[in-house]
Amino acid sequence: MTKRIICLFGPQGSGKGTQAKILTAQLHIPHISTGDLFRAAIASRAELGKQVEGILNKGELVSDELTFNLLKERISQNDCKAGFILDGYPRTLTQAQLLDDFMNVDVVIVLEISDAESLKRLTNRRQDSITGAIYNLYTVPKPPKEIERRLIQRADDTAEAIEKRLKKYHQQTEPLFLYYKNKVIRVNGEQSIERVAGDIERALVL
Ligand code: AP5
């Protein structure tokens, strides 16, 4: 069986998580978000969670070594045998090199949106505290009336933390487009969720 490793890149709020969920359903390979792995460790009050909580909330990056070790453990699991979709990894050159020493990425999809759009989407992102579904008060999908009361906001979705996260993306992650060169496919992320998914589907020739 050929392993398929797809990386989703893009500024904060560009829709990496949203599109990864769609791709997972189409390709039947898992969606692996390092941000989700860290947040799960924080929620379960694991030792790792205590180490990284302050870093995430401030919009800083967790160390390359800690992040790679967490990822390596996850992608070594059985459900990743046929491949996986990476959301939020790698974010630095060191992380890309660590992954390359372990296994090679096939394709890198970059979802392009402006910083202004990113700020607008993230300050309005909300999550259902029971189902984990993601909504948006400004864009789409809008939350149904009956669940409005149980919506929560991510601790790092504040204007201050978003600004820091975007700065890190431009400084440390964008240079990776050159590192992956001919594996990079750029997609306009400022379209409807369905149109972005359609562009990705055509680019991957699913
Ligand atoms: P992480 O959880 O990965 O956050 P992020 O990179 O900031 O990305 P987001 O989850 O904010 O955005 P997204 O692109 O997934 O957008 P979404 O689909 O939700 O990382 C969090 C933290 O963990 C990092 O800051 C760092 O501290 C740490 N970390 C993680 N990985 C690390 C690493 N490799 N190294 C070191 N540290 C690491 O969409 C956003 C909103 O827009 C939603 O409300 C959605 O409904 C809406 N939306 C989506 N698509 C559209 C569309 N086309 N049109 C309109 N609205 C849309």
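All of the numbers you see were taken from the coordinates with simple rules; none came from a lab. All of these numbers come straight from a predicted model, not from anything done at the bench. Here the Cβ is made from the backbone with ideal geometry for all residues, glycine too, and neighbour counts use every protein chain on show.
Fewest first, what order do V107, V140, V205, V52 take by the number of other Cβ atoms within 10 Å?
Details: V107 17, V140 11, V205 5, V52 22.
Fewest to most other Cβ atoms nearby, the residues stand as V205, V140, V107, V52.
Per 10 Å bin, what is the whole-percent P(r) computed from every C-alpha pair distance within the range 1-128?
Each 10 Å bin holds this share of Cα pairs: 12, 42, 38, 9, 0.
Which loop trypsin sites (Lys or Arg not before Pro) in the range 1-86, with loop taken from DSSP, have no more than 12 other Cβ atoms within 10 angstrom of their Cβ? Let's see the in-between values first.
Working: sites: K3, R4, K16, K21, R39, R45, K50, K58, K72, R74, K81; in loops: K3, R45, K81.
Those that pass, being in a loop and sparsely packed, are R45, K81.
So what are the range 72-186's ellipsoid semi-axes, whole angstrom, largest first, if each one is the square root of 5 times an eigenvalue of the alpha-carbon gyration tensor? Kindly include the intermediate steps, with their values, before the conclusion.
On the way: eigenvalues 179, 76, 32 Å².
Each semi-axis is √(5λ); the values are 30, 20, 13 Å.
Starting from the Cα of E160, step 7 Å toward the Cβ, then list every residue of the range 89-124 with an amide N under 17 Å from that point.
In the range 89-124, the label zone of E160 (backbone N under 17 Å from the point 7 Å along Cα→Cβ) covers 123.
Restricting attention to the range 137-189, which chymotrypsin sites (Phe, Trp or Tyr not before Pro) occupy a DSSP loop and are surrounded by at most 14 other Cβ atoms within 10 Å? Walk me through the numbers before you get to the answer.
Values: sites: Y138, Y169, F177, Y179, Y180; in loops: Y138.
Here the sparse-neighbourhood loop sites are Y138.
Using the count of nearby Cβ atoms within 10 Å as a rough guide to exposure, how do F102, F9, F68 rank from fewest to most?
On the way: F102 12, F9 26, F68 22.
Going from sparsest to densest Cβ surroundings: F102, F68, F9.
Above 17 angstrom, tally the Cα pairs of the range 51-119 and express them as a % of all pairs, no decimals. Show your work: numbers first, answer last.
Working: 1247 of 2346 pairs.
Across the range 51-119, Cα pairs with separations above 17 Å total 53 percent.
I want to check the label-to-label distance for I55 and R195. Put each point 7 Å from Cα in the C-beta direction and report it in nm to one decimal.
Placing both labels 7 Å beyond Cα along the Cβ direction yields 3.8 nm.
Need one number: nm distance between label points at R45 and F177, each 7 Å from Cα along Cα→Cβ, rounded to one decimal.
Those two pseudo-labels are separated by 4.4 nm.
Label-point separation (nm) for H28 and A203, each offset 7 Å from Cα along Cα-to-Cβ?
Going by the 7 Å Cα→Cβ label model, 2.5 nm.
In the chain, what % of DSSP beta bridges are antiparallel (nearest 5)?
On the way: 5 of 22 bridges.
Roughly 25 percent of the DSSP beta bridges within the chain come out antiparallel.
Cross-link partners among lysines for K168, C-alpha distance below 17 Å, same-chain residues fewer than 8 apart left out?
Qualifying lysines at Cα under 17 Å: K16, K58.
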